[in-house]
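The values are calculated or read from the model by the stated rules, or taken from the named source; none is laboratory data. Just so it is clear, the model here is predicted, and its values are computed rather than measured. Methodologically, a virtual Cβ is constructed for each residue, glycine included, from the backbone with ideal geometry; neighbour enumeration extends over all protein chains shown.
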Amino acid sequence: MDAIETHDMGNGIFVEVHYDEHGEVSDPRDNDNLGVMACAHGRYTLGDEDAAKLYPEAESKAELVEAIKENHPGASHFHALWLYDHSGITMRMDSDWAMDAAHWDSGVVGLIFTDDKQREVCGTPEHLIDEVLEAEVNEYASWLEGAVYGYVVKRKVWAQTLEVVPGKAREDWPVLRHDHRHDEVLDSCWGFVGETEYALAEGKAAAQHYVDEAAK
C-alpha cells in the first residue's frame, strides 16, 4: 500500500499517511452531533431522519421547516443539504459550488438544523452554531466520499550483508558489502475522516516520542 504523504521527522523516523482501505469507520451521524439531518432520497439512506416518512405532507422547504418545528422544540438554523451523485456521492450545506456541467444527479435532499435538545447536549455558543453545522456536513461528506486515512510511524533500519566472491587464490577472494534498508513500523492509527492533514498532524505528534528517544 503506497503512502499518500510522507514526512521526515529526522533521526531516521518518518510518518506515512495512507488511505484507510480496510477500516470500519462508523457513520459520523452516530455521534453526539449539534445538527439533525432530515433527508429524503430514492436510493440512499442519508442523515438522521427520513423526511419522506416523517414529513410526508411537506412539499416545499417552508412546509418542511414548519413540520420539523412541530416535531423538534426550538428547531432553528435551517440549511439546505445538497447531494452530488456521480461515481460516488458527496454532500454540501447551502452549496453554490460549481456542479458538473451535465448536472448529473444533484439537488437538495433535505435540511440540517439544530434544536433545544441538541444544543443542550453539545453546549455550542449561539454564534458558532452555523459554523459547527457546516463542519458536521463536511465530515459527513468526507465519510460518504471514503476520505478516511491513517498514519504509520516508521524507522529506517540499515543492515549489511557480506558476499565472498570465490577466485583462483583463496586469499584473493574479494568480499563485497551490500547495504540493505528495511522500515520498522513503530506506531499506527486509522480512521481519520476528512483531510490528510489531520492524520498527518496526529502521526507527527505520535512520532515525536520516537524522535526524542533516538536523539538520546
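A few remarks follow.
- Gly42 vs. criteria at pLDDT 95 or above and either in a loop (DSSP other than H, G, I, E, B) or touching a Cys at 6+ places or on another chain (Cβ under 8 Å) (or both): no
- Residues of region 37-57 that are more than 26 Å from the chain's Cα centre (by Cα) and among the hydroxyl-bearing types (Ser, Thr, Tyr): Tyr55 alone.
- The residue pairs whose first member lies in region 119-148 and is more than 13 Å from Val36 (Cβ to Cβ), whose second member is part of a helix (DSSP H, G or I), and whose beta carbons are closer than 6 Å, counting only pairs six or more residues apart or on different chains, are Thr124/Val132; Glu139/Pro28; Trp143/Pro28.
- Residue within region 24-36 that is surrounded by 13 or more Cβ atoms within 10 Å (Cβ to Cβ) and part of a helix (DSSP H, G or I) present: yes
- Being outside any helix (DSSP H, G or I) and of a type outside the set (A, V, I, L, M, F, W, C) is a property that does not hold for Tyr140.
- Each residue in region 1-30 was checked for being among the hydroxyl-bearing types (Ser, Thr, Tyr) and modelled with pLDDT of 95 or more, and 1 of them qualify.
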